[in-house]
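Report on the structure given below.
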Amino acid sequence: MKYLNFFLLLGLISCSSPGVREVPESTPYRTSGLEQFFLPELPTWANTSASGKCFKKHSFNYLDFSKLSASYQLNYHELVELQAQYNERLEAYFRSTAVRFLKPVEEAAFFSNTLEQVRGGVKHFKIPEVAREVDIIWLDGFISSNQVDELRKMHETGLFDERLPVLFTSCLSRQDLNQWLIENNLDQVGFHSLTAEWLNPYGSDLMMKPGLRLEIKKLMNENVKVKFISPQKILLPTEIIL
């Protein structure tokens, strides 16, 4: 029942901002227009994954894909890239300074710079042209079931040499994942990654959906074959759409 409230909150998140000041849609600044592109921040208790049985260390910024697409003609991949890169940039900044908040002008600059990078074609998730088969490895499942050693065995047997390995996590940020890989001696494998910054309550049709999600196949060539790898006998965690 407690997770029902979580998904109801996410399903209604775009309608839960009556306190946000309405502003013209012409300028991307948080105090004079930027707020229109952000969904309300989730409360701390909602920063969790029921499927992965894990909690998020960070509170992420979720973007309004519908408004951003209408204003800047961004497609689904570009939208999730924008949200992920913006959150990654914020985390990197906060890790490098004692400051724990941005001034409006700094926030606007971060957003605008990230937007221009994405519109210029910069991608943090890009499958090599030669890749035809991809394994989506559900890291949270391996961690929660204490089966991380299985990942090491896959690496040692050469499984990741045959198919492109992509680690998916609903709770870890990109920097948290990189640290986890180092601590578990898996940083030399060459994993691609899709982390918590990429999740959003919008589908590729830019319509609001219940719960956070990521439509993974929309991020790669349609000819790429995708296989889901989990230590548990479940179809998919709720956050993954194949």
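Residue-wise test of (1) among the small types (Gly, Ala, Ser); (2) surrounded by 13 or more Cβ atoms within 10 Å (Cβ to Cβ); (3) under 21 Å from residue 229 (Cβ atoms).
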| position | (1), (2), (3) |
| --- | --- |
| 105 | no, no, no |
| 109 | yes, yes, no |
| 125 | no, yes, yes |
| 134 | no, yes, yes |
| 139 | no, yes, yes |
| 142 | no, yes, yes |
**Prompt:** For the stretch 71-113, which residues satisfy the criterion of being touching an Asp or Glu at 6+ places or on another chain (Cβ under 8 Å) and either of a type in the set (Gly, Ala, Ser) or in the same structural domain as residue 143 (by TED's automatic domain parsing) (or both)?
**Reply:** 71, 84
**Request:** Taking residue 93 as meeting all but one of (1) modelled with pLDDT of 95 or more; (2) in contact with a helix residue (DSSP H, G or I) (Cβ under 9 Å, 6 or more places away or on another chain), write down the number of the exception.
**Result:** (1)
**Request:** Could you tell me which numbered condition residue 36 fails, if it satisfies all but one of (1) out of contact with any Lys or Arg (no Cβ under 7 Å at 6 or more places or on another chain); (2) modelled with pLDDT of 50 or more?
**Result:** (1)
**Item:** Scope the stretch 78-97; condition more than 11 Å from the chain's Cα centre (by Cα) and either part of a loop (DSSP other than H, G, I, E, B) or touching a residue at least 40 places away in the same chain (Cβ under 8 Å) (or both); matching residues
**Value:** 78, 91, 92, 95, 96, 97
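The values are calculated or read from the model by the stated rules, or taken from the named source; none is laboratory data. Remember, it's a predicted structure, so these values are computed and weren't measured experimentally. Don't worry about glycine lacking a Cβ; one is built from the backbone with ideal geometry, like all the others, and counts go over all protein chains shown.
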